[in-house]
């Protein structure tokens with residue numbers, strides 16, 4: 001299905017909407033977030049696991065060199081597909097930071113728990129959560 | 001034909017960002033100091049407060065567990081999955097209970113004749129501690145769950161912060177106006193006394209918690225004894241030290 005147009009799902013009919021390592025590939029994330037808001041029941045939860053920005057500057061340097069240097073090369077050697085892995089690291093780079101994505105989730109109408117996200121492995125990935133307000 | 005469509009497209013993209021900036025609510029003012037004119041800032045946003053206050057009604061039956069949180073979410077008109085609003089789970093329930101009881105202390109204890117001018121500091125503190133402990137009575141059989149949650153490694157800093165705030169609140173309501181290091185020592189000693197008495201209360205089976213009151217009296221008496229002993233020792237050390245220095249100076253040593 002197209003996450004930006006979930007025409008087969010009725011309004012306010014879903015308890016939990018999860019997306020893992022998918023949302024960075026969406027063309028229009030704001031539209032997808034609003035669609036998630038539409039299909040969730042009041043009180044329903046939107047949970048998103050996605051690659052994000054690393055907190056530590058030194059670790060970030062090493063991580064970027066590994067991402068852009070080694071990963072496409074490994075893709076080429078193991079899977080014979082350098083282009084996909086180049087796209088992968090570029091899409092990670094283009095994805096908004098934790099605070100920006102949290103603001104996008106709030107703009108779609110969700111309430112966020114605490115600071116809105118939880119960093120994994122120093123920010124390589126982050127879990128964002130949003131709760132649709134009750135009526 | 002090209003010019004009108006580009007101008008329409010510009011306004012359509014400009015409007016969403018303006019309305020986005022207006023729609024996002026300002027975060028509530030987090031005031032770190034006490035104000036007489038304004039109420040204290042609530043610890044949680046309105047939605048979480050609604051769920052937590054409904055969850056408190058389930059504490060006697062289900063205790064400080066995720067189950068109480070889930071039932072509270074249902075009572076407040078949310079879904080079971082809405083408990084995802086609480087990243088620390090049942091500990092948020094403990095923290096809300098602690099903050100609520102601390103803020104209620106002002107209403108529960110009203111000293112007679114303008115802030116209890118005639119009562120001694122010790123008796124006022126005793127009244128405040130006992131009143132705060134009585135506020136635990138509806139959930140005393142579940143309090144050990146709360147203490148266990150507070151002792152988890154990631155929960156220790158916020159728990160100690162809450163204990164410090166409670167101790168500060170009790171001294172403030174007793175009318176403490178000290179501005180030297182005794183400000184810190186008073187709060188530290190009251191924190192330890194309160195924590196010990198609360199742990200004792202969880203296993204107290206006497207009528208009207210009479211044994212807890214006696215335990216508290218013994219701890220407060222200990223504080224007075226230790227305070228007196230430390231004062232005496234420091235006085236002795238000071239006198240002896242200065243005497244020794246003066247004797248050496250009188251013998252000709254340059255000091």
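The values are calculated or read from the model by the stated rules, or taken from the named source; none is laboratory data. Predicted model only: the values in this text are computed from it and were never measured. Because the Cβ atoms are built from the backbone with ideal geometry, glycine has one as well, and the counts that use them run over all protein chains shown.
Out of curiosity, is residue B:45 surrounded by fewer than 18 Cβ atoms within 10 Å (Cβ to Cβ), on the phi < 0 side of the Ramachandran plot and touching a residue at least 40 places away in the same chain (Cβ under 8 Å)?
no
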Subject >> Residue, farthest from residue B:50 (Cα to Cα), within region A:118-135, restricted to residues that are within 12 Å of chain B (Cβ to nearest Cβ) and within 11 Å of the chain's Cα centre (by Cα) >> reply: A:127
Original post:
Can you find even one residue in region B:41-48 that is away from every other protein chain (no Cβ under 12 Å) and more than 28 Å from residue B:170 (Cα to Cα)?
Top reply: no
Original post:
Taking the stated definitions as given, is residue B:150 over 18 Å from the mean Cα position of the chain (by Cα) and touching a residue at least 12 places away in the same chain (Cβ under 8 Å)?
Top reply: no
**OP:** Pick out, from region B:143-255, the helices (runs of 4 or more DSSP H) lying fully within it that include 1 or more residues that are closer than 29 Å to residue B:117 by Cα.
**Re:** B:156-174, B:182-201, B:210-250
Subject >> Out of B:101, B:92, B:131, sole residue that is surrounded by 15 or more Cβ atoms within 10 Å (Cβ to Cβ) and within 14 Å of another protein chain (Cβ to nearest Cβ) >> reply: B:92
Original post:
With (1) under 13 Å from residue A:29 (Cα atoms); (2) within 14 Å of chain B (Cβ to nearest Cβ) as the list, and residue A:94 as the residue in question, which single condition is left unmet?
Top reply: (2)
**OP:** Considering only residues that are under 12 Å from residue A:124 (Cα atoms) and touching a helix residue (DSSP H, G or I) at 6+ places or on another chain (Cβ under 7 Å), look in region A:59-83 and name the one that is surrounded by the fewest Cβ atoms within 10 Å (Cβ to Cβ).
**Re:** A:59
Subject >> Criterion violated by residue B:64 - all others in (1) within 14 Å of chain A (Cβ to nearest Cβ); (2) in contact (Cβ under 8 Å) with a residue 60 or more places away in the chain satisfied >> reply: (1)
Subject >> Flag for residue A:63 being without any contact (Cβ under 8 Å) to a residue 60 or more places away in the chain and away from chain B (no Cβ under 14 Å) >> reply: no
Subject >> region A:1-19, residues that are in contact (Cβ under 8 Å) with a residue 24 or more places away in the chain and in a loop (DSSP other than H, G, I, E, B) >> reply: A:3, A:4, A:6, A:9, A:10, A:11, A:12, A:13
Original post:
Taking region A:102-135, which residues are touching a strand residue (DSSP E or B) at 6+ places or on another chain (Cβ under 9 Å) and within 19 Å of residue A:56 (Cα to Cα)?
Top reply: A:117, A:118, A:119, A:120, A:124, A:125, A:126, A:127
**OP:** Please tell me if residue B:22 is within 14 Å of another protein chain (Cβ to nearest Cβ), at pLDDT below 85, within 23 Å of residue A:112 (Cα to Cα) and surrounded by fewer than 16 Cβ atoms within 10 Å (Cβ to Cβ).
**Re:** yes
Original post:
Going by the structure shown, is residue A:109 within 14 Å of chain B (Cβ to nearest Cβ), on the phi > 0 side of the Ramachandran plot and surrounded by fewer than 18 Cβ atoms within 10 Å (Cβ to Cβ)?
Top reply: yes
Original post:
What residue, of B:199, B:247, is modelled with pLDDT of 95 or more and loosely packed, with under 11 Cβ neighbours inside 10 Å?
Top reply: B:247
Original post:
Does residue A:43 meet the test of being surrounded by 14 or more Cβ atoms within 10 Å (Cβ to Cβ), within 14 Å of chain B (Cβ to nearest Cβ) and at positive phi?
Top reply: yes
Original post:
With (1) surrounded by fewer than 16 Cβ atoms within 10 Å (Cβ to Cβ); (2) not in a helix (DSSP H, G or I) as the list, and residue B:107 as the residue in question, which single condition is left unmet?
Top reply: (2)
**OP:** Select from region B:68-89 the residues that are surrounded by fewer than 23 Cβ atoms within 10 Å (Cβ to Cβ) and within 7 Å of chain A (Cβ to nearest Cβ) and list them in ascending order.
**Re:** B:77, B:79, B:81, B:84, B:87
Original post:
Of (1) touching a residue at least 60 places away in the same chain (Cβ under 8 Å); (2) touching a helix residue (DSSP H, G or I) at 6+ places or on another chain (Cβ under 6 Å), residue A:133 satisfies all except one. Which?
Top reply: (2)
